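Report on one structure; see the data block that follows.
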Amino acid sequence: MGKGQFGKVYKGRCRDSSVAVKVPKNQNLTTQELEDFRREVAIMSKIFHPNVVLFMGACTQPGNIKIVTERMTTDLESLLLSPKGKTIPTIVRMKMARDAAKGMSWLHGISNIIHRDLKPANLLVDQSYNVKVTDFGFSEVLKGETTKDTYGPRGTVLWMSPEVMNNEEFDKTIDVYAFGIILWQIYTLQEPFTNYEDLGEFKHAICVKGERPVIPPHDPTQRPPRPTPQSLVDLLSSCWNHDRRKRPSFSSIVNSINLILVDLIIDDPLAALFWKNHFFSMKQDLEEVVWWRGFVAGLAIETGIKDKTRFDVLHPYLATFGSEAKKVTIFDFNQSIHWFGCYYAKESAEETLQEIKKLTSKVWFHGFIDQYEADGRLSRQPPGAFLVRLSKTYSCFPFTLSLSAKKHLRIKKSNGEFSIEMKNYTTKHKTLIELIEAISNVFDPPLTISCPQTPAPHAYEDN
């Protein structure tokens, strides 16, 4: 499966299960080396967590040294540097970082174990992009508040904290420092500190100058570029803080990444705050899917609208998840904001809901149907027929005007104003209805026939 300085890793089968067999290159261990190996085995045998690679057995007999673990697909370093890794969305990569933090939180909190060599190569990934911590060769159980290396620093220098480099006392937060560098790699898909080749210069830069990787102002992996969330900047800065006492715990990091995920998924800061306030708890993971009833309850609290049936107009376009369409996803919530505006904010909810009701009552408004369905509906209509449908392709073009003869024009929404991509019409309008009414005579023939639509489903409450 792979090889390195330590030795080789082989694919294997153990009692009908796929496993990885780690065979060290050096099989003739000294008494101290054998003791260290047995210590690693002892540590691994006590750890059971979904985000820590499962230890399944070992042989500590000299000449036949090996460790058997569950088999994973690849390691995080190889994945991030591969062409496939470049295509993984930022949100998925951030969930991978959360997995690693969960595994480390278990090591620190339950087992009181310092990993000491946390780096992308020691984070394994399966086919579903689940991440698990591995390789406890340098790990140790912390017996007091701090410890110190007797024979010099251990670990990998690029992820090594300043206090370890300086041979000072350290604690579990050395893993937090390493995680900060890893999180930067996960976000940027870049390797850290590539401008250094001399170890002395590198140590001076980290320990004296306080140099850290540059946090980009925009997500370098997204097109069009999207600003780096301030919540991510704050977490990175706190993780690699020179003062170890100011670094967060891994439990706190997990919570921070959940909040970062909201900022990455939801474009509008006020909408992101709404989701954080109502569907996030420090004691559990971020809720990405919520019941329609709970979603409406949150809207009622946020907007002050007591009559919850006022939000029924949103149901056909938001409660689309699950067999009975009773749930709302965070992704659909974000999309609905591009479509309909700030219906979740107290200052604009009343006006926005009224406008949504007017829009969705129009015969020519067909909701979310694809291009082929639109062409099919229009094919049975005479010239001059049209419909407007929702679009998810580009957030700045949330609607599409579909005409007969299989013609489709994107409708742009910017700063609350609507316009259409036409050379002979550049006027902007405050509402989509105003835009459609204004451009009807621009076409030849004029848009005078609203294409009939199938009835929208009725909104309903949860049982």
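The values are calculated or read from the model by the stated rules, or taken from the named source; none is laboratory data. Remember, it's a predicted structure, so these values are computed and weren't measured experimentally. Glycine gets a Cβ as well: all are built from the backbone with ideal geometry, and neighbour counts include every protein chain shown.
Some observations on this one:
- Screening Ile67 with (1) of a type in the set (A, V, I, L, M); (2) closer than 17 Å to Ile181 by Cα; (3) touching a helix residue (DSSP H, G or I) at 6+ places or on another chain (Cβ under 8 Å) gives one miss only, at (2).
- Which numbered condition Ala405 misses (of (1) of a type outside the set (Val, Ile, Thr); (2) in contact (Cβ under 8 Å) with a residue 40 or more places away in the chain; (3) out of contact with any helix residue (DSSP H, G or I) (no Cβ under 8 Å at 6 or more places or on another chain); (4) assigned to a loop (DSSP other than H, G, I, E, B)): (2)
- Contact annotation: residue pairs with Cβ atoms under 7 Å, 6 or more positions apart or on different chains, pairing a residue in the range 238-261 that is under 30 Å from Glu287 (Cβ atoms) with a partner that is β-branched (Val, Ile, Thr) and surrounded by fewer than 16 Cβ atoms within 10 Å (Cβ to Cβ), are Leu261/Ile91.
- Test set (1) within 16 Å of Ile186 (Cβ to Cβ); (2) touching a strand residue (DSSP E or B) at 6+ places or on another chain (Cβ under 6 Å) - Ile215 fails condition number: (2)
- When Lys392, Lys358, Lys362 are screened for being touching a residue at least 40 places away in the same chain (Cβ under 8 Å), closer than 28 Å to Asp268 by Cα and in a loop (DSSP other than H, G, I, E, B), only Lys362 passes.
- Residue selected from the range 77-110 under the condition polar (S, T, N, Q) and over 25 Å from Leu286 (Cα atoms), by the criterion surrounded by the most Cβ atoms within 10 Å (Cβ to Cβ): Ser78
- Residue in the range 3-36 that is modelled with the lowest pLDDT, counting only those that are exposed (fewer than 13 other Cβ atoms within 10 Å of the Cβ) and in contact with a helix residue (DSSP H, G or I) (Cβ under 9 Å, 6 or more places away or on another chain): Gly4
- Filter result for Tyr343 (among the hydroxyl-bearing types (Ser, Thr, Tyr) and at pLDDT 95 or above): yes
- No other residue among Ile215, Ile305 is surrounded by 13 or more Cβ atoms within 10 Å (Cβ to Cβ), of a type in the set (A, V, I, L, M, F, W, C) and farther than 30 Å from Lys172 by Cβ apart from Ile305.
- Residue in the range 375-385 that is among the acidic types (Asp, Glu), assigned by TED's automatic domain parsing to the domain that holds Arg410 and modelled with pLDDT under 95 present: yes
- Check on Arg389, among the charged types (D, E, K, R) and surrounded by 15 or more Cβ atoms within 10 Å (Cβ to Cβ): yes
- Residue ID - farthest from Asp126 (Cα to Cα), chosen from residues in the range 34-89 that are of a type in the set (Asp, Glu) and part of a strand (DSSP E or B): Glu70
- Taking the criterion of being under 32 Å from the mean Cα position of the chain (by Cα), of a type in the set (D, E, K, R) and within 15 Å of Asp243 (Cα to Cα), the residues of the range 122-174 that qualify are Glu163, Asp171, Lys172.
- Out of Asp263, Asp234, sole residue that is surrounded by 16 or more Cβ atoms within 10 Å (Cβ to Cβ), among the acidic types (Asp, Glu) and modelled with pLDDT of 95 or more: Asp263
- Residue list for the range 305-355, filter: acidic (Asp, Glu) and under 26 Å from Leu264 (Cβ atoms): Asp332, Glu347
- Residues that are modelled with pLDDT under 90 and either of a type in the set (Val, Ile, Thr) or touching a Pro at 6+ places or on another chain (Cβ under 9 Å) (or both), drawn from the range 51-67: Thr60, Ile65, Lys66, Ile67
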